Protein chains: 2
Amino acid sequence: MANVAKYNRDDVIRKAMLLFWEKGYNGTSTRDLQQAIDMRPGSIYAAFGSKEQLYREALVCYSQGMAEMLGQRIVSAGSALGGLELFFRNVVIDQCDSNPSEVCMLVKTLTEVNDDHPELMELSRELLKRTEDRFADILQQAKEAGEIATHANPRILARHLQVQMIGLRIYMKTSRNPESLSEQITTIFANIKR
Amino acid sequence: MANVAKYNRDDVIRKAMLLFWEKGYNGTSTRDLQQAIDMRPGSIYAAFGSKEQLYREALVCYSQGMAEMLGQRIVSAGSALGGLELFFRNVVIDQCDSNPSEVCMLVKTLTEVNDDHPELMELSRELLKRTEDRFADILQQAKEAGEIATHANPRILARHLQVQMIGLRIYMKTSRNPESLSEQITTIFANIKR
DNA sequence: CCTCTATTTGAACGAATGATCAAATTTTAA
DNA sequence: TTAAAATTTGATCATTCGTTCAAATAGAGG
């Protein structure tokens, strides 16, 4: 029983995630995957079952990575709302070139995949919902810390931020105008603060 | 020279557009297209050259349709800003189920297609830019009509609206919550008006 | 060292893909 | 009515796709 597994497996999923994120589900062939993760078809199918199942694990990996990053930014900024703004700035502007795509992988999946692969759609939806819930939690903390108005509604604000995040990332892909986007982010958070 | 063309051709492009919009570029096979537009491969390739060129024409068709609709809404509303808000509400909420996809076809293209097919990316970008320019023109009119503040900047507001439109449509696909989205649209335009 | 089991390999499968083209059909013009 | 030109047809092409599986390889226990 050659159980080198776990460690290796996470690494493989991560590599698959990066390729899927770049090229999309339909745009990534199993041959592309074989090369990217350095595994032969038999091993891949033994380990993951199908292309779709591997994609599913890649989605979860992506989502976890983003969640971790958000946590780190809150620590760096030393405040809930400050961390959120830093997270926005990093994702939308700073990292958009080093990442495989400017656009959120969950959003890419949701827009690409149809009623074939309903499970991929449902999983993307679920993971996006979790992100929004996380935003709401953070905004609640910000409220308790006095960073935002006492009459603010964290759930509504979280929804608002989700829309901004999605829109800004795609807009970055269309316009490549970091300066104006940075101003937009400043405005968004300025409006939340008061 | 059987020149039944123009009329028929536009109809064919429109049907192709609806299918492409629904299933995406990679997700639409040439067989799907053959059935949808009721043409045989030889005719299709004689008329359009390739799948990519047909998609290009479909993108333009989509964009024109949206532009026409926006014009109509401004007429219906009897004001520039009112028409814009009506357009938002129709696109994001009312028509999202009757359309092939909740998401803007230009955005779908931009997020799906990679550096293969650079021309599709560039065309989508260009058409999105035209939309934003159109928004700016309309906001300028609104400004002159006294619908928005005299210190408002139409170009910045247009960019803002573009981000909102993109974000809201995708958010609709994830959450299916028309009520909250309607409130969000109300808020967006309320903030613009004062 | 050997045997048994688990894993990996890569050739191969059938289906689907985008595209072509000679033949059949339809349209045009005389 | 007829011949030339334009268009349509559908069988077919070479690739590529996701996936399978018998054979080869590697590790564990005795």
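The values are calculated or read from the model by the stated rules, or taken from the named source; none is laboratory data. Note that the structure is a prediction, hence the values are computed from the model and not measured. Virtual Cβ from ideal backbone geometry, glycine too; neighbours counted across all protein chains shown. Areas reflect the complete protein model, heavy atoms only, side chains present, ligands, DNA and RNA absent. Shrake-Rupley method; radii C 1.70, N 1.55, O 1.52, S 1.80 Å.
Of all residues being in contact with an Asp or Glu (Cβ under 8 Å, 6 or more places away or on another chain) and open to solvent by 40 Å² or more (accessible area, probe 1.4 Å) in region B:53-82, which is farthest from B:MET17 (Cα to Cα)? Just the residue, please.
Checking each candidate, the answer is B:ALA77.
Check region B:128-150 and report whether any residue there is closer than 28 Å to A:ARG125 by Cβ, assigned to a helix (DSSP H, G or I) and polar (S, T, N, Q).
yes
So, in region B:24-46, exactly how many residues are closer than 17 Å to A:GLU112 by Cα, in a helix (DSSP H, G or I) and open to solvent by 50 Å² or more (accessible area, probe 1.4 Å)?
0
Which residues, taken from region B:120-148, are more than 30 Å from A:VAL113 (Cβ to Cβ), within 14 Å of chain A (Cβ to nearest Cβ) and among the hydrophobic types (A, V, I, L, M, F, W, C)?
Hit for region B:120-148 is B:ALA136, nothing else.
Does region A:101-113 contain at least one residue that is more than 21 Å from A:THR30 (Cα to Cα), open to solvent by 10 Å² or more (accessible area, probe 1.4 Å) and within 14 Å of another protein chain (Cβ to nearest Cβ)?
Looking through region A:101-113, at least one residue is more than 21 Å from A:THR30 (Cα to Cα), open to solvent by 10 Å² or more (accessible area, probe 1.4 Å) and within 14 Å of another protein chain (Cβ to nearest Cβ).
Does region A:149-159 contain at least one residue that is closer than 21 Å to B:THR187 by Cα, within 14 Å of chain B (Cβ to nearest Cβ), out of contact with any Ser or Thr (no Cβ under 9 Å at 6 or more places or on another chain) and open to solvent by 50 Å² or more (accessible area, probe 1.4 Å)?
yes
Quick one: in region B:72-124, of everything that is in a loop (DSSP other than H, G, I, E, B) and acidic (Asp, Glu), which residue is nearest to B:LYS143 (Cα to Cα)?
Per the stated criteria, the residue is B:GLU102.
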